[in-house]
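Chemist: Below is a structure I'd like to ask you about.
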Amino acid sequence: MNDGTSPNVLIWDVTFACPLRCSHCYTESGRRPARNLNHEEMLKVADALISFKPLQITLCGGEPLTVPRIVEVVQRFAEAGVKVLLYTSGWSLPARIVRELAPVIGKIVVSVDGATAEVHDRIRGRSGSFDHAMNALTVLEEESAQRSAAGEPPLRFGVDFVAVRSNYHQIDLMCSDIASRFPHLTSLAIGAVVPTGLASRTSYGDHDLLTDDEVKDLVDPETVSRLKAAAPPTVQVTTTDNFGVQMHPDYIAAHPDFRPLEIEPDGAVRGMPIYEGTVGNLLTDDPYELWERSRNRWRDPWVVEVIRAIRTRTDWAEAVRRIDQRFGTDEVRARIDRRPEFDPAQTSRRIPIRPVAH
Ligand code: SF4
């Protein structure tokens, strides 16, 4: 059991490889080396994370399902009693993998950023991605139904929707149309886009970052009631402004149960989730020492001052850019400098995307 002081919100981006090119991607996946570990190294990182005795861990990326033997990594956590939440774009989710995951996974969450192919594919940067996501949800639905019919615990699966300016008009349709297509769907989480990674660009803020009024509307109890009423009663609908990951000192002080730690694919530990800058690596450093260094980053007087000055989502994006520049390595800063301007006219691609180096 977690001792109440070590990290309890663990997020491991297991790869930066991804077949999609989402305009808001927090990790710039698919546009940078994947930085995958080999299988033995992955198990070593898994064991280091298990030493924190967390109740659950989130595996995301990148696309976790591109990682060889990812099911065995999930098994490692499950055997230690750690529930795994796995986030996928649903680009490729074969029934065989779902069958293997079903007995060991806590929940599989498919990202769907539009209630129509036109909106989803534009945001996700690849033609056909909406159909792939719907196919993935169908595979999950069938597996869950089969397990229920056989008297086994149903496979839990959900949908995650990143709310941006150009899809905000579809939040009701997500509840009434998409959620009702899958009778065993357990959750639909609608979260305001976080101004990190590609979503921290000034040009992104000018066009697709949710406005402060939209964020207020998203978490308004009336909106939440309306969305819940539009979805089937079996689906848990939630909305969030994602304020917690800003790491505001007042929020941290008021929420002692929020103790996040984000891990990059190669085992490097970030000083703070969503912000660039690492404090060491789980393959070489003591996990608790890394946790201490991470918390010291949160308390860094310069960081505290920058975060305390945030008033708006636009301010938050600027704070991310400042923190990224301050704590990122030369390589990180060079990657940030190479980011293209956000193109509001971006359409989904039809051409195959070349794989990036692992
Ligand atoms: S699917 Fe996820 S990891 Fe891949 S590009 Fe989109 S946001 Fe990034």
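Chemist: Would you mind putting 169-180, 31-42 in packing order, based on average other-beta-carbon counts within 10 Å, highest first?
Modeler: 169-180, 31-42
Chemist: Using a ≥ b ≥ c from the Cα gyration tensor of the chain (square roots of the eigenvalues), is it rounded, prolate or oblate, where a/c under 1.5 gives rounded and otherwise the larger of a/b and b/c decides, a/b for prolate? Intermediate values should be presented prior to the final figure.
Modeler: Values: a/c = 1.34, a/b = 1.10, b/c = 1.22.
Rounded, because the longest to shortest axis ratio a/c is under 1.5.
Chemist: While we're here: Output wanted: per-residue J couplings in Hz (rounded whole) for region 245-251, from phi through Karplus 6.51 cos²θ - 1.76 cosθ + 1.60, θ = phi - 60°, x for Gly and Pro.
Modeler: Couplings: 6, 5, 6, 5, x, 5, 5 Hz.
Chemist: Follow-up. Roughly speaking, what is the stretch gain from GLU222 to GLU72, that is 0.36 nm per residue apart minus the C-alpha to C-alpha distance, in nm to one decimal?
Modeler: Numbers: separation 150, 0.36 × 150 = 54.00 nm, distance 4.31 nm.
Stretched fully, the GLU222-GLU72 segment lengthens by 49.7 nm.
Chemist: So for the pair ARG96, SER203, with labels modelled 7 Å out along Cα→Cβ, what separation do we get in nm?
Modeler: Result: 4.2 nm between the two label points.
Chemist: Another one. Pairs of lysines 8 or more apart, or on different chains, with alpha carbons under 22 Å: count those in the chain, would you? Walk me through the numbers on the way to the answer.
Modeler: Details: LYS44/LYS53; LYS44/LYS83; LYS53/LYS83; LYS53/LYS107; LYS83/LYS107; LYS107/LYS228; LYS216/LYS228.
Lysine pair count for the chain: 7.
Chemist: What is the local net charge at HIS120, summed over the other residues whose Cβ is closer than 11 Å to its Cβ (Lys, Arg +1; Asp, Glu -1)? It would help to have the intermediate numbers written out before the result.
Modeler: Values: positive: ARG122, ARG124, ARG126; negative: ASP113, GLU118, ASP121, ASP131.
Cβ neighbours under 11 Å give a net charge of -1.
Chemist: Right, something else. Among LEU290, LEU93, LEU55, which comes first, second and so on when ranked by fewest other beta-carbon atoms within 10 Å?
Modeler: By the 10 Å Cβ count, ascending, the order reads LEU55, LEU93, LEU290.
Chemist: For ALA150 and GLU79 in one chain, what is 0.36 nm times their gap in residues minus the Cα-Cα distance, to one decimal in nm? Numbers along the way, then the final one.
Modeler: Working: separation 71, 0.36 × 71 = 25.56 nm, distance 2.31 nm.
My answer for the length gained is 23.2 nm.
Chemist: Show the residues, 5+ positions off or on another chain, whose built amide H is closer than 5 Å to the amide H of VAL109.
Modeler: Answer set, sorted by chain and number: LEU86, TYR87, THR88, GLY158.
Chemist: Using a simple spin-label model with points 7 Å from Cα along the Cα→Cβ vector, what separation in nm is obtained for PHE243 and ASN2?
Modeler: Computed distance between label sites PHE243 and ASN2 equals 2.1 nm.
Chemist: Net charge around LEU209, counting only other residues with Cβ within less than 10 Å of its Cβ (Lys, Arg = +1; Asp, Glu = -1)?
Modeler: Here the charged neighbours net out to -1.
Chemist: So, in nm, how far is label ARG322 from label SER180 when the simple model puts each one 7 Å beyond its Cα toward the Cβ?
Modeler: Placing both labels 7 Å along Cα→Cβ, they lie 4.8 nm apart.
Chemist: Charges at C-beta only: +1 for Lys and Arg, -1 for Asp and Glu. How large is the resulting dipole of region 9-338 about its Cα centre, in Debye rounded to 20?
Modeler: Details: 38 positive and 47 negative charges, 38 e Å.
So the magnitude is around 180 debye.
Chemist: Check which residues have an amide H placed less than 5 Å from THR239's amide H, if you skip close sequence neighbours.
Modeler: Amide H neighbours of THR239: ILE190.
Chemist: Further question on the same structure: Under a 5 Å amide H to amide H cut-off, with H placed in plane at 1.01 Å, what residues pair with VAL9 once short-range neighbours are removed?
Modeler: Hits under the 5 Å cutoff: ARG259, LEU261.
Each reported figure results from applying straightforward, stated rules to the coordinates on display, with no laboratory input. Everything numeric here is computed off the predicted structure, so don't read it as measured data. Neighbour counts run over all protein chains shown; Cβ positions are idealised from the backbone, glycine included.
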